[in-house]
Amino acid sequence: MDKNLSRLKEVEEKFGVRKSRMTAKLDYIQSVTGFLLAIFIMGHIVFESSILVSEEFMYSVTLMFEGYFLFGSAHPEIVSGISAIVFVLFITHAFIAMRKFPSSYKQFKIIREHAKRMQHEDTSLWIVQIVTGFIMFFAGSVHIYMMMTLPSEIGPYQSASRITHDYMWILYSILLVTVIIHAFVGLYRLAIKWGFTEGPNHKVSRKRFKVIMKVMIVAYLVLGFTSLGKYLYIGNTHDFEKEPVYKSKTIVLERH
Amino acid sequence: MTNETPRLLKISILRYNPQIPEVKPSVETYELEEGDGMTLFIALNEIRERFDPSLKFDFVCRAGICGSCSMLINGKPTLACRTLTANLDEEINLAPLPLFELIGDLSIHTGNWMRGLNERLEAWIHEEDQKEVDFDRLEEKMEPALAEEIYETDRCIECGCCVAGCGTALMRNDFVGAVGLNKIARFRLDPRDKRDDSDYYDIIGDEDGIFGCMSLMGCEDSCPKELPLQSKLAYLRRKMVVMKDEK
Amino acid sequence: MRVAYTDVLVVGGGLAGLRCATGVKQRGHDVVLLTLVPPKRSHSAAAQGGMQASLGNCSKGEGDNEDIHFADTIKGSDWGADQDVARMFVNTAPKAIRELAAWGVPWTRVHRGDHQAIINAKKVTLTEKDEAHGLITARDFGGTKKWRTCYTSDGTGHSMLYAMDNKAQEQEITVHERMEAMALIHENGRCYGAVARNLMTGELVAYIAKATSIATGGYGRIYAVSTNAVICQGMGQAIALETGIATLGNMEAIQFHPTAIVPVGILTTEGCRGDGGLLTDVDGYRFMPDYEPEKKELASRDVVSRRMVEHMRKGKGVKSRYGDHLWLDITILGREHIEKNLREVKDICMSFLGIDPAEKPIPVRPTQHYSMGGIRTDYKGESQTLKGLYSCGEAACWDLHGFNRLGGNSVAETVVSGMLQAEHIADYCDTEESEIDISTKLIKEFVDKEQAKLDYLLEPKENAESAYPLRRAMENIMMDKVGIFRNEKDLQDAVDELEQLLIRSRNIEVKHKTLTANPELFNAYRVQRMLKLALCVAKGALERRESRGAHAREDYLERNDKDFLNRTLTSWPDENQTMPTITYEDIDIKSMELPPGFRGYGKDMTITNPESKTRQDEVDKIREELEAKSADRFEIQSAIMEYKSKLPDRYNGKNERLWERLDD
């Protein structure tokens, strides 16, 4: 019976009588994963910028994520776990969003020329989404993979060393720009796509969202690059031979 | 503007007649003295009358209500008849709307496209059974606010600006576009149409329908009637996602 | 040669054509509809204001019925209308509204309780009944006793046209777009279809049908400034005229709408005044009450237009580089009302004038708006002289409007005439007699003739004419000499000049030598045809030496029921003629339900026909006798003028109202 039913559905879908209910779910999942990733990124960059306050503060933030204040000892595998979840979200989001990529160069040319001709901001922003998404597909994967496999190498000095001497600042600069733009443009698009946050006049709401989007992009870029600068500064001024790992005066851990 | 010397407009038009394919597409520029309150309807007719009587374009109502005269004005799709030249620079570029079949110069065949769309969406009231209307009796009542809301979505004039302004529709020619989705939103509101959400899903529940829309907002920003397309599409998307089949 | 066969050929895709096509199709006949533009772009969409039907749902419409609608229509027509037709029309109009309501038109509805309205420049509170809540409401329009004009905000025509075209699509009606009917195919007094030209490829196609219906709208574009769409060039009337057999009726009856914006001539709806808007002059003074103390701004359209011109002639117009104009002031209605119920008006003012009508008055002037005349038909919509040729809507003169049409009666007419005509055509197609028995030889002759005409237009000529100057000259003659006020001298000049233009038009040469999509080519043959129509209008106006409805003669101020209670019939029997042939058809007073009387505007200037009084006495007597027997209004009406036997059975039922319920 069940088999017949599913076969029936298949036939109906094939001949266009019924449409797959999965398409709706995919659209929804793309939005939900995107939303979660954007929220994650917003937190991520803020936590990262704790370095601007002090090395000590960044160190305690790191420890917080390793569960120190909960368990009394550090567990970097928690970071691995979080990274893994983010990785799954990331892959899912990318995989579903890929449906929307231009499927041929011809299509890409059409949309590029259209955006140029219309000089339409939202259309141009979508091309930005495509390009940033594409870059992140590689850059983001590398970054998340590293965080998953080497979670214990996060800290004021280790991170600074990685950024400066392993030339990760190049990757991080690219990531920073693409992820911030992609996240906030994505959030703006989510708001208008689903209309949840629409006020009585949707045109006014949209204008406001766009202003917020731009303000947030600038704010996060400033924050992100200042933090990156601080890491680079530490990387260039700190003597890693002497003290490769940050030592806190208040929190003393065996492993760190 | 009355006492100043009038501007000299340079109107460049993309010209091509598919019936005479051996003559390649070209851009021709016409110089025209601007008149007071001049619209592109007036300007184009003057060009046809004074410079080239073979110039093809479409106007019907020339009052912005029939949707015949949509074209790309400086790259943006809009209605030519209600575009005042005073609001444009001296150099004006005109081209036919993309996506639609070209009849010649600025004239496009929107009619067959819209007809195909309407047939695909079955854009008419679906009564429960094909009973004849008993028009001798009082009409069925309808909440005044609902009637107004339906009219709000019914104001679309099928000019094609929304699809010509939509990157998705240009890339994927099977996409129904805002004009189609707005129609579904209109019939969904209408209690006289007896279709339910799973019926509507079967029409627009795929990548050529509501889930193909990428919220580029070209439709909303190009609509000469300023229909709340963004809002209607979002609403429809929510309804299609939460839709549950009866059985 | 391409030949297409069908049962019914409909030319024109507006409301009338579409309703006729759906009706015929419902009766099981095949139908092909030819149209210049996609049906949804037809000029019907431009009807902003509304559609008259005596539903009587709103408080100001209470007590309304067919009788009152009938009387308004006949008075409005200045007794030029066919009273049988008007009766059929008023009985069917409520059904048309209700049918359209079921097909998807979101008519604006009655809201229970109090609401504000502006009447005679004063705020008034109206109270709507509970039981009317949710039924179709109506607004006030000129020349009507009750609020009877049903509407959808200010997009009535648009919403009707869309619902109708959607219905046609549901019924899978064949529509051939961008096809122009070039000539009617006919033999021995019977019409067999048309030769049509594909405006994209230039191909000629013969459409052969049992019945052909022309629903191409009016011919306003023979005037330089008109509210009409640019496609309203009267080509339907012209091809009927060119058969030499079919006749056109009352071509001189041209309506000027009081409020088109200056200078472009786009209409602002009568709803502006219906909802309380005022006409003011150069001093901001409201002048209409001085001329028409009772109906003021809401007098019949012809009356308001004339009063406006009179007032401007007194020097009270506002001077502008485009000539004098007056103001339409709707600021009194308030922004909210304007943005909701008159949004299209606001749109038009903002786009074309840069004026916000909620803050500033609108510059307006009477402008050519409607053609009461058209292809003369009987009450079935069939030509009186060419069998198998039908016509409905504005294209026809069957004759609902006589010499002046009431606002809101035109959209109603499109649908109603389409409904009724579809039944008559279907009845005809059901008969043996309708079968087609013409040879392909005849078809080829007609196609070849059209091809030859087109080829000739392209041929190089000596002293060649070009179409545009001729057309502009015609348009200006019509504006200046066949306008709102007419006189012998100007009309004679107009006729002479138009005749010269017509002769010159035979020498037009098209410079751009292609038979495919070529605007120069279609402009050329249309100008030739428009000139013939212009001559019909001017000549008809010249010969009608009286003032009736919209036809106002400065040299003959009276309505002359003795000599001119008739219809002008124009025909063109020989194509070499340079002037139409004019005959007259008497309007029979003896069979009238409402004999000619005083219309109630200005002072009575009628040269009465003695028969009017005789008939009035007869009618009064019948009414008195039956009222004594306490007969109802239907029985009385039927005793005075029986018309129901001419109305198709489907539409013979009584109309239900809140206070006139139908038994189950």
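When C:Val230, C:Val205 are checked against the criterion of being assigned to a strand (DSSP E or B) and out of contact with any His (no Cβ under 6 Å at 6 or more places or on another chain), a single residue qualifies: C:Val205.
Residues are listed down the side, and each one gets a yes or a no for (1) touching an Asp or Glu at 6+ places or on another chain (Cβ under 9 Å); (2) more than 22 Å from C:Ala47 (Cα to Cα); (3) more than 7 Å from chain C (Cβ to nearest Cβ):
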position: B:Ala147; (1), (2), (3): no, no, no
position: B:Ile157; (1), (2), (3): no, no, yes
position: B:Arg172; (1), (2), (3): yes, yes, yes
position: B:Val176; (1), (2), (3): yes, yes, yes
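Inspection of region B:12-25 finds no residue satisfying the criterion of being acidic (Asp, Glu) and open to solvent by less than 50 Å² (accessible area, probe 1.4 Å). For region C:385-423, residues that are open to solvent by less than 10 Å² (accessible area, probe 1.4 Å), outside any helix (DSSP H, G or I) and among the hydroxyl-bearing types (Ser, Thr, Tyr) total 2. Against the test of being open to solvent by 60 Å² or more (accessible area, probe 1.4 Å) and under 21 Å from C:Ala253 (Cα atoms), the options C:Asp617, C:Asp649, C:Asp588 yield a single qualifying residue, C:Asp588. When the helices (runs of 4 or more DSSP H) confined to region C:284-382 are screened for residues that are crowded, with 20+ Cβ neighbours inside 10 Å, those reaching at least 3 such residues are found at C:301-311, C:343-348.
In the set (1) in contact with a helix residue (DSSP H, G or I) (Cβ under 7 Å, 6 or more places away or on another chain); (2) open to solvent by 20 Å² or more (accessible area, probe 1.4 Å), the condition left unmet by A:Asp239 is number (1). Here C:Val85 clears all of (1) more than 8 Å from chain B (Cβ to nearest Cβ); (2) under 20 Å from C:Cys58 (Cα atoms) except the condition numbered (2). Inspection of region C:644-651 finds a residue satisfying the criterion of being touching a residue at least 12 places away in the same chain (Cβ under 8 Å), away from every other protein chain (no Cβ under 14 Å) and either in contact with a strand residue (DSSP E or B) (Cβ under 8 Å, 6 or more places away or on another chain) or not hydroxyl-bearing (Ser, Thr, Tyr) (or both).
To keep it simple, each residue is scored yes or no on (1) over 18 Å from C:Ser410 (Cβ atoms); (2) at pLDDT 95 or above.
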position: C:Ala46; (1), (2): no, no
position: C:Ser54; (1), (2): no, yes
position: C:Ala81; (1), (2): no, yes
position: C:Val85; (1), (2): no, yes
position: C:Val90; (1), (2): no, yes
position: C:Leu100; (1), (2): no, yes
position: C:His115; (1), (2): yes, no
position: C:Ile118; (1), (2): yes, no
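Name the one entry in C:Leu454, C:Leu458, C:Leu442, C:Leu386 that is over 18 Å from C:Ile254 (Cα atoms), out of contact with any helix residue (DSSP H, G or I) (no Cβ under 8 Å at 6 or more places or on another chain) and of a type in the set (A, V, I, L, M). Of the residues listed, the single one that is over 18 Å from C:Ile254 (Cα atoms), out of contact with any helix residue (DSSP H, G or I) (no Cβ under 8 Å at 6 or more places or on another chain) and of a type in the set (A, V, I, L, M) is C:Leu442.
Here's the yes/no breakdown for (1) small (Gly, Ala, Ser); (2) more than 22 Å from the chain's Cα centre (by Cα):
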{"residue": "B:Ser12", "(1), (2)": "yes, yes"}
{"residue": "B:Val23", "(1), (2)": "no, yes"}
{"residue": "B:Glu46", "(1), (2)": "no, yes"}
{"residue": "B:Lys56", "(1), (2)": "no, no"}
{"residue": "B:Ile92", "(1), (2)": "no, no"}
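The single condition among (1) within 14 Å of chain B (Cβ to nearest Cβ); (2) assigned to a helix (DSSP H, G or I); (3) over 23 Å from B:Arg155 (Cα atoms) that C:Leu18 does not satisfy is (3).
Answer yes or no as to whether C:Glu497 is assigned to a helix (DSSP H, G or I), in contact with a Lys or Arg (Cβ under 9 Å, 6 or more places away or on another chain) and within 13 Å of chain B (Cβ to nearest Cβ). Answer is no for this residue.
For C:Val304, the test of being within 14 Å of chain B (Cβ to nearest Cβ), under 28 Å from the mean Cα position of the chain (by Cα) and of a type in the set (Val, Ile, Thr) is failed. The residue list B:Asp190, B:Asp206 contains one member that is over 18 Å from B:Thr153 (Cβ atoms) and either outside the structural domain of B:Tyr151 (by TED's automatic domain parsing) or acidic (Asp, Glu) (or both), which is B:Asp206.
Can you find a residue in region C:241-253 that is β-branched (Val, Ile, Thr) and open to solvent by less than 10 Å² (accessible area, probe 1.4 Å)? There is no residue in region C:241-253 that is β-branched (Val, Ile, Thr) and open to solvent by less than 10 Å² (accessible area, probe 1.4 Å). For C:Arg544, the conditions (1) touching a residue at least 12 places away in the same chain (Cβ under 8 Å); (2) touching an Asp or Glu at 6+ places or on another chain (Cβ under 9 Å); (3) under 23 Å from C:Ile231 (Cα atoms) are fulfilled apart from (3). For region C:47-55, the count of residues that are closer than 30 Å to C:Lys210 by Cβ and touching a Cys at 6+ places or on another chain (Cβ under 8 Å) is zero. Of all residues in region C:21-46, those satisfying the criterion of being more than 10 Å from chain B (Cβ to nearest Cβ), open to solvent by less than 10 Å² (accessible area, probe 1.4 Å) and either part of a loop (DSSP other than H, G, I, E, B) or out of contact with any Lys or Arg (no Cβ under 8 Å at 6 or more places or on another chain) (or both) are C:Ala21, C:Gly23, C:Val24, C:Leu33, C:Leu34. Based on this model, can you work out whether A:Ala115 counts as open to solvent by less than 20 Å² (accessible area, probe 1.4 Å), in contact with a Phe, Trp or Tyr (Cβ under 7 Å, 6 or more places away or on another chain) and either within 30 Å of B:Met71 (Cβ to Cβ) or assigned to a helix (DSSP H, G or I) (or both)? It is false that A:Ala115 is open to solvent by less than 20 Å² (accessible area, probe 1.4 Å), in contact with a Phe, Trp or Tyr (Cβ under 7 Å, 6 or more places away or on another chain) and either within 30 Å of B:Met71 (Cβ to Cβ) or assigned to a helix (DSSP H, G or I) (or both). Per the conditions (1) open to solvent by 30 Å² or more (accessible area, probe 1.4 Å); (2) free of Cβ contacts under 8 Å to residues at least 24 places away in the same chain; (3) more than 14 Å from every other protein chain (Cβ to nearest Cβ), the sole criterion not satisfied by A:Ala84 is (2). The residue list A:Phe40, A:Phe101 contains one member that is more than 14 Å from chain B (Cβ to nearest Cβ), aromatic (Phe, Trp, Tyr) and out of contact with any strand residue (DSSP E or B) (no Cβ under 8 Å at 6 or more places or on another chain), which is A:Phe40. Can you go through C:Gly76, C:Gly50, C:Gly63 and tell me which one is surrounded by fewer than 24 Cβ atoms within 10 Å (Cβ to Cβ) and more than 10 Å from chain B (Cβ to nearest Cβ)? Every option except C:Gly63 fails the conditions. Could you grab me the full set of residues in region B:31-65 that are open to solvent by less than 10 Å² (accessible area, probe 1.4 Å), touching a residue at least 24 places away in the same chain (Cβ under 8 Å) and facing another protein chain (nearest Cβ under 8 Å)? Scanning region B:31-65 gives B:Thr39, B:Leu55, B:Gly64.
Would you say C:Ala211 is more than 9 Å from chain B (Cβ to nearest Cβ) and part of a strand (DSSP E or B)? Against the criterion (more than 9 Å from chain B (Cβ to nearest Cβ) and part of a strand (DSSP E or B)), C:Ala211 qualifies.
Return yes when A:Tyr68 is open to solvent by 40 Å² or more (accessible area, probe 1.4 Å) and touching a residue at least 60 places away in the same chain (Cβ under 8 Å) and no when it is not. The answer is yes for A:Tyr68.
The values are calculated or read from the model by the stated rules, or taken from the named source; none is laboratory data. What you see is a predicted model, and the numbers here were worked out from it, not measured in a lab. Neighbour counts run over all protein chains shown; Cβ positions are idealised from the backbone, glycine included. Surface accessibility is based on the protein's heavy atoms, side chains included, excluding ligands, DNA and RNA. Shrake-Rupley method; radii C 1.70, N 1.55, O 1.52, S 1.80 Å.
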